[in-house]
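The block underneath contains the structure these notes are about, expressed in structure tokens.
Read the figures in this text as sums done on the coordinates, not as results from a lab. Bear in mind the structure is a predicted one, so any value in this text is a computation, not a measurement. Backbone-built Cβ (ideal geometry, glycine too); neighbour counts: all protein chains shown.
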Amino acid sequence: MASASGALNAALRPVAAVKVPASVAPGMNVTLDASGSRAACHHTIASYQWMSSDPAHPVTNPAGPSTTVTAPATGTFTVTLTVADDAGKQDPATVIVSSTAATSSAAASAGTNACLTAISVPSPVTVSVSPTSGSLQAGSGTTQSFTATVADTLNTQVTWQVNTIAGGNATVGTISSAGVYTVPAMVPSPATVTVTAISSADSTRSASATVTITAPAAAHAPASGGGGGALDVLSVLALVLAGLASAVLSPYNSRCAASSQGRCARR
């Protein structure tokens, strides 16, 4: 585990790089260039620090990406570079300067801080809905129960939508958290709605069913008798009796009307 941790830290640290001149002569200004240093992916170099081991040959720019020192007439000294990134991680490099050469074990350039491409792993979660279709009459208040089955995850919860509306609405119908769909009062447009169960574990995984909403059956008006409805038995009987009475009294009324001095009225 310690080796793995060390390897990870090494991969995440910046890399110090120093470019040195091809040739050096005594008393020559030796330019040391660390601009080829690189930070790890998603990081940047935040600082450079140069330090000479010989006070008689100090660096001219101790905090820049490059610096200059004077080559000695004899002997050698060491210049140490430390680069730090924006996360505070550091990497050192050393340069040995003599009267005839400047050498370093560090590379002249650390290359680019290329980032690894993320690998997309398909979700194993699957969702199915049963039944896959249904038909209900608008305004009937009837319901249709749907069951969602979620596999390959411990979280089997789902959320329900009707035509992409969470829980639905009065126009397309509503659905409860238990998957019970209630038909709307009127036929929507289009008349077929989509009920969808979405996995709570992975919102990219879902399954759907369709419900066709049909119009209510047409209402039939009661048969009429022309004047305002069928006559009941008592009404018919009353009409019959009235007709008989009219038939019996009609001749008598006619004779009275024809007689003189109104004798029918006096009787």
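Here the stretch 2-104 is assigned +1 on the Cβ of each Lys and Arg and -1 on the Cβ of each Asp and Glu. Its dipole about the Cα centre then comes out at about 120 debye.
For the listed peptides 130-138, 75-83, a ranking on the average number of other beta carbons within 10 Å per residue, highest first, reads 75-83, 130-138. The calculated FRET efficiency for the pair residue 128 and residue 22, based on their C-beta separation and a Förster distance of 51 Å, comes to about 0.10. Between residue 156 and residue 87, the modelled labels are 4.1 nm apart [label points 7 Å from Cα along Cα→Cβ].
Using 0.36 nm per residue and subtracting the Cα-Cα separation, the extra length available between residue 63 and residue 112 on full extension is 15.4 nm. Extension gain for residue 101-residue 191 works out to 23.7 nm (0.36 nm per residue, less the C-alpha to C-alpha distance). Does the stretch 126-214 classify as rounded, prolate or oblate by the C-alpha gyration tensor (a ≥ b ≥ c root eigenvalues; a/c under 1.5 gives rounded; else a/b over b/c gives prolate, otherwise oblate)? Note, shape of the stretch 126-214 comes out prolate. Give me the distance between the Cα centres of the stretch 141-180 and the stretch 57-135, rounded to whole Å. What the calculation gives is 52 Å, centre to centre.
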